[in-house]
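Q: This is the structure I want to talk about, given as structure tokens.
Derivation of every value follows stated rules applied to the coordinates shown; laboratory data play no part. For clarity, every value in this text was computed on a predicted model and none was experimentally measured. Heads up, the Cβs are rebuilt from the backbone with ideal geometry, glycines too, and the neighbour counts pull from every protein chain shown.
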Amino acid sequence: MEPHKLPPHLISDGDNKHCSACNLLFRTAGDGSLSQRFAQHIRARHKPEEEKGDEKQADSQKHTPES
């Protein structure tokens, strides 16, 4: 049985927070809301596997030789 893998989430570290997947630091006193910055980080760095597969398929279609 595989262990349950949680989606990336924020982990508290004093006054700051870290991404659970890559340990990227998020300062609580940064520009914009913390939840918006973290959501943008998730979309950019930790796309769901389905989206990664779709992206790879789209990339492979872009690089097919033309007739």
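Q: For Ser20, Ser33, what ranking results if the residue with the fewest other Cβ atoms within 10 Å of its Cβ goes first?
A: Ordered by Cβ neighbours within 10 Å, fewest first: Ser33, Ser20.
Q: Another one. Non-local amide H neighbours of Phe26 (under 5 Å, H modeled in plane, Pro and chain starts lacking H): which ones?
A: Lys17, His18, Cys19
Q: Report the full-extension gain for the segment Arg45 to Ala21: residue separation times 0.36 nm, less the Cα-Cα distance, to one decimal in nm.
A: Here the answer is 7.7 nm.
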